[in-house]
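The values are calculated or read from the model by the stated rules, or taken from the named source; none is laboratory data. These numbers come from a predicted model, not from an experiment. Because the Cβ atoms are built from the backbone with ideal geometry, glycine has one as well, and the counts that use them run over all protein chains shown.
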Amino acid sequence: MGPGQAPLATEDSLPSFDGSRGPLPRARRLVANLMLSLFLIIVMIAALVLVLQNTFRVAG
Amino acid sequence: MDPFARLGRTVFRYRWAMLAGWLVVLGAAGAFLAPKAPSVVKSGGFRVPASDSIKASEALERDFHGSSYSTAVVVFQSPNLTVHDADFQTAVSDASARMRNVQHVRAVLDFTNTANPALVSKDGHSTFVIVDLNGTESEDQVTVGELRSQLRGTTLQHYITGAPAVNYDIQLASEDDLHRAELVTIPLVLVLLLLVFRTVVAAVVPLLLGASAVVLANAGLYLIASRTDVSVFSLNVASMIGLGLGIDFSLIVLTRFREELPDAPSVEEAVARTMQTAGRSITYSGITVFLGMLLLTLLIGLVVPASVSMGVMLVALAAVLVGLTLLPALMAVFGKRIELLRVIPRRRPRADQRTVVWYRFSQLIMQRPWPWLLGAIALLAVIAFPLHSLATTGADSRLLPSNLESVVGVKKLDTAFGANRLTPIQVVVKTTPNGVWTPEFLDALARLSQTAAADSSVEDVQSLYTISRDQGLTPDQYRQLTPAQYPAGPQRNALSLLVDIDGSNDSAVLNVFSRYDQFDSRHQDTIYRLRGTILPDALKGTGYSGYVGGSGAGFLDFRDTEFSRFPVVVGAVLLMTFVILMMFFQSLYLPLKAILMNVASIVAAYGALVAIFVYGWGARILGFEPNGHLSVITPPILFAVLFGLSADYEVFMLSRVKEIYHETHDNAEAVAGGLARTAGVITAAALLLLGVFGSFSVAGVQTVKEVGVGLAIGVVLDTTVVRIIMVPATMRLLGDANWWMPRWLKRFVPELKEGPAAAEPGSSPAVPVAAMPLARLRGMAGAAPQAPVELLGGRSLRIGRDAANDIQLLAPQVSRFHARIDVTPGGHALIDLNSRNGVFVNRLRIQALPGSRLLEHGDRIQLGVGGPELVYEQAAVSAPAPAG
């Protein structure tokens, strides 16, 4: 293995959000990740909407 | 311990409390303070206190109830009928009657109740009705909506325009712009954030940070605006720069955190190291922006620019506050989970091609700094050149999309009545009560009317004198006029717009209609002539006072005041920045260079904006009709925002450069290394900001479009020409003088320590010699045959190509000062001095400065891929070195 191919930690080896380290069943993990992504993206959209509304505000 | 590192550890320890605290603070600010900000900020803000135009406008509002700020105008047209047809007249009188019933309408003046021929066009197919409103600025806007619904059944073509209608339409257009921006910006920014931050979890952080800073700034603006006048532009600008700083700060901090995570023994240590380096950077850049904008706010003395800088100032403060507390708390809670929900594969740790490219490019520039620098200056000068034809305009219907009713109305008026009927220069002449009806006053009014009408740019003049003359009165009859000659009726109604006949009879108005548009320089020259000679000459020896007002004059007063104060205030802001950066960098030339380049990129952005919006280059692509003007508020907004952003980049980049210089004392190496190590982050931030600002260029309201395009251009110039070419070239030319500061000055300038407190050879904690294991480095493949070097406790050792190193290795992969081995309480630590090709231990690349790696017996150290190798052996252990 050359220096460019250092072994990497993968998401699977990282602790999941519920704190358990044991692997979740693949399908459940996929769904959990999707739900979490969806939630975070909604948070992002909400933050952006808030900022944009402020940007285009006209007094009155 | 370093205060920033200590802060990081404290936040880590109380991370949940910190999160909960912020939740409460942001919740309270977001629920109770921030939402009220829009209701206390004000539109307008273009009036200059105690100026001629304000005195005229106050007199007009008090005595004539007719300032252009509160007068709506309704244009009625018919292709077949003329105003002499009964159907036309009935339609207009019915419409007027309906409008009189609307709340906040004080008076409706049309050609039937005033018999004023000026209200009818020459061909007779058009007329306009003056609707005098008495609400506040925002009430008047609501009234416009009500008037429009009252006119819905009218058979004649009709258009409501005038200042309140324009303001109302700006509101409508801004709502449209918001929807369009949401459609464009949100997907674009989401995709860019995911590309740049690579995981969904990390991508959320900049938006949380930006939104929190905006909420806090809004809350601050609410508290300030409920005590003093603050313009609505403060909110707009605060959210633009809030998003910008949120993105910048998160990138700077998170990138560092993710760099530190794999090497640090714990998440707490990673948070502490991140705060010690990146946390310090964002603090100083935030403080620089805060203090600069504070100065601008306090000195400029005009509501709009002061509000804009106040918005930037508050949001910078909020961003630093959030960046130093909420951000590390989030990092502490996320820890390694920051890498969760990856959307872009992890970049290979080695072979960061972009970094190499940046590094090589800066080396290339530093080989021939003069041609590159002169080329870059010439390029910026060319871009800035159009600035000489800068022409500005105030809030005007032309800044709006041309399909809006108020804009169409202005065009119809211009066609039917000749241009500029709505925007006369209004000269108010004041005397004592009932003094208007004296021969002396009437003579002065006649003189004024005649000399004003004789001006080459004046098309027409309207006053008590011209009306009497048109009625056929002889000069003697005119001098004998009394108010009793005007019984209640149409004539008196018409006259009440020119003399306060129903009030104290102490003032008269002269409406001067210019041949040119109110923002045309010839219109403005007429105002200067009226103020300079015509009015003083006509009133000489009379004791009457006179003021030249009207919307064109109001704009002119604002523009002249703004442009005369701006350079002085900007100078003060730059001086302040210079002092802060001097303390930060402990250098005389670096801060000077930084602010000069800051100004250069802003001036070039101004030039490019003039080329686009005044010359109309690329107008079709950007989708607007060029009107030859830039909005008068664009320059201060651009200055405030671009100043903040480029100061941010500069501090971030130069602190990395300084970090490396302190390690290597090699100027060229430090510049190339600093540029390369910050390149990814700054490029990513620039891309994101380009996405945000670029999307404002779809706005219909031209001011927003100008600001969006200007910011995008500024960011591009700042991160390309300035950062990639000018910074390395000038730093190469200055050489070690970059870091020079006179000894006497050093005594006065307290040092603000920057960057990591990386273990300096002399400053590393004293380690008892006896406690250190004796160790040696043994040369392996590629290393020059060299006797093993003993590493003794208490002594650092430097490796590189330069002869000044303790171990000199002459291989192409080796940088001049490549790596260092420090003695730490934990043992020997290997440090990559931001080498070009990296340092590998057992084939894994170690983190560059300020990262380090503790060496263990048998570790194989390689300098660059395929470079020389050394083996670290602790003398106490006599195990054989592993085979190469």
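Below is a table of values for the structure above.
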| read-out | value |
| --- | --- |
| Among (1) touching a residue at least 24 places away in the same chain (Cβ under 8 Å); (2) of a type in the set (Gly, Ala, Ser); (3) within 14 Å of chain A (Cβ to nearest Cβ) - the single one B:Ala95 does not satisfy | (3) |
| Of all residues in the range B:214-241 being within 18 Å of B:Gly301 (Cβ to Cβ) and among the hydroxyl-bearing types (Ser, Thr, Tyr), the one that is surrounded by the fewest Cβ atoms within 10 Å (Cβ to Cβ) | B:Thr228 |
| Flag if B:Gly550 is small (Gly, Ala, Ser) and under 30 Å from B:Gly301 (Cα atoms) | yes |
| Residue check for B:Asp63: of a type outside the set (A, V, I, L, M, F, W, C), out of contact with any helix residue (DSSP H, G or I) (no Cβ under 8 Å at 6 or more places or on another chain), closer than 22 Å to B:Leu147 by Cα and assigned to a helix (DSSP H, G or I) | no |
| Candidate set from the range A:28-60 (those that are more than 7 Å from chain B (Cβ to nearest Cβ) and small (Gly, Ala, Ser)); member that is nearest to B:Gly210 (Cα to Cα) | A:Ala46 |
| B:Asp500 being touching a Ser or Thr at 6+ places or on another chain (Cβ under 7 Å) and either closer than 24 Å to B:Phe441 by Cα or at pLDDT 95 or above (or both) | yes |
| Residue ID - farthest from the other protein chains (Cβ to nearest Cβ), chosen from residues in the range B:149-200 that are in contact with a strand residue (DSSP E or B) (Cβ under 6 Å, 6 or more places away or on another chain) and part of a helix (DSSP H, G or I) | B:Ala165 |
| Residue that is nearest to the other protein chains (Cβ to nearest Cβ), among those in the range B:123-148 that are crowded, with 24+ Cβ neighbours inside 10 Å, over 22 Å from B:Gln89 (Cβ atoms) and out of contact with any Phe, Trp or Tyr (no Cβ under 6 Å at 6 or more places or on another chain) | B:Asp140 |
| Residues of the range B:614-642 classified as in contact with a Gly (Cβ under 6 Å, 6 or more places away or on another chain) and in contact (Cβ under 8 Å) with a residue 24 or more places away in the chain, total | 4 |
| Test: residue in the range B:374-388 that is farther than 30 Å from B:Ala619 by Cβ and surrounded by fewer than 19 Cβ atoms within 10 Å (Cβ to Cβ) | yes |
| Selection within the range B:614-629 - on the phi < 0 side of the Ramachandran plot and loosely packed, with under 14 Cβ neighbours inside 10 Å | B:Tyr615, B:Arg620, B:Ile621, B:Glu625 |
| Test: residue in the range B:253-269 that is farther than 23 Å from B:Ala684 by Cβ, in contact with a strand residue (DSSP E or B) (Cβ under 7 Å, 6 or more places away or on another chain) and within 14 Å of another protein chain (Cβ to nearest Cβ) | no |
| Which numbered condition B:Val184 fails, given (1) modelled with pLDDT of 90 or more; (2) farther than 30 Å from B:Asn101 by Cβ | (1) |
| Some residue of the range B:723-734 being surrounded by fewer than 17 Cβ atoms within 10 Å (Cβ to Cβ), modelled with pLDDT of 85 or more and aliphatic (A, V, I, L, M) | yes |
| Any hit, the range B:393-412, residues being assigned to a helix (DSSP H, G or I) and either of a type in the set (Phe, Trp, Tyr) or within 30 Å of B:Val722 (Cα to Cα) (or both) | no |
| Test: B:Ala211 is surrounded by 24 or more Cβ atoms within 10 Å (Cβ to Cβ), part of a helix (DSSP H, G or I) and at the interface with chain A (Cβ under 7 Å from one of its Cβ atoms) | yes |
| The range B:214-239, residues that are more than 9 Å from chain A (Cβ to nearest Cβ) and not in a helix (DSSP H, G or I) | B:Ser226, B:Arg227, B:Thr228, B:Asp229, B:Val230 |
| Yes/no for B:Gly242 being in a helix (DSSP H, G or I), within 13 Å of another protein chain (Cβ to nearest Cβ), modelled with pLDDT under 90 and farther than 30 Å from B:Asn403 by Cα | yes |
| The range B:854-868, subset modelled with pLDDT under 85 and surrounded by fewer than 19 Cβ atoms within 10 Å (Cβ to Cβ), residue nearest to B:Asn834 (Cα to Cα) | B:Val865 |
| Those residues of the range B:257-282 which are surrounded by fewer than 24 Cβ atoms within 10 Å (Cβ to Cβ) and part of a helix (DSSP H, G or I), in sequence order | B:Arg258, B:Glu259, B:Glu260, B:Val267, B:Glu268, B:Glu269 |
| Flag if B:Ser545 is more than 30 Å from B:Ser389 (Cβ to Cβ), surrounded by fewer than 18 Cβ atoms within 10 Å (Cβ to Cβ) and touching a residue at least 12 places away in the same chain (Cβ under 8 Å) | yes |
| Conditions (1) outside any loop (DSSP other than H, G, I, E, B); (2) modelled with pLDDT of 90 or more; (3) of a type in the set (S, T, N, Q); number of the one not met by B:Gln103 | (1) |
| Scan of the range B:338-385 for residues that are modelled with pLDDT of 80 or more, touching a Lys or Arg at 6+ places or on another chain (Cβ under 7 Å) and facing chain A (nearest Cβ under 10 Å), ordered by number | B:Ile338, B:Arg342, B:Val343 |
| Hits in the range B:490-516 (condition: touching a residue at least 12 places away in the same chain (Cβ under 8 Å) and in a loop (DSSP other than H, G, I, E, B)) | B:Ser496, B:Leu497, B:Leu498, B:Asp500, B:Ile501, B:Gly503, B:Ser504, B:Asn505, B:Asp506, B:Arg515, B:Tyr516 |
| Sole residue being touching a residue at least 60 places away in the same chain (Cβ under 8 Å), part of a strand (DSSP E or B) and touching a helix residue (DSSP H, G or I) at 6+ places or on another chain (Cβ under 6 Å), chosen from B:Val75, B:Val48 | B:Val75 |
| Filter pass, B:Ala118 being in contact with a strand residue (DSSP E or B) (Cβ under 9 Å, 6 or more places away or on another chain), touching a residue at least 12 places away in the same chain (Cβ under 8 Å), more than 11 Å from chain A (Cβ to nearest Cβ) and part of a helix (DSSP H, G or I) | yes |
| The range B:692-704, subset in a helix (DSSP H, G or I) and farther than 15 Å from B:Gln171 by Cα, residue farthest from the other protein chains (Cβ to nearest Cβ) | B:Gly694 |
| Candidate set: the range B:597-644, residues that are out of contact with any helix residue (DSSP H, G or I) (no Cβ under 9 Å at 6 or more places or on another chain) and not charged (D, E, K, R); chosen: the one nearest to B:Arg180 (Cα to Cα) | B:Ile621 |
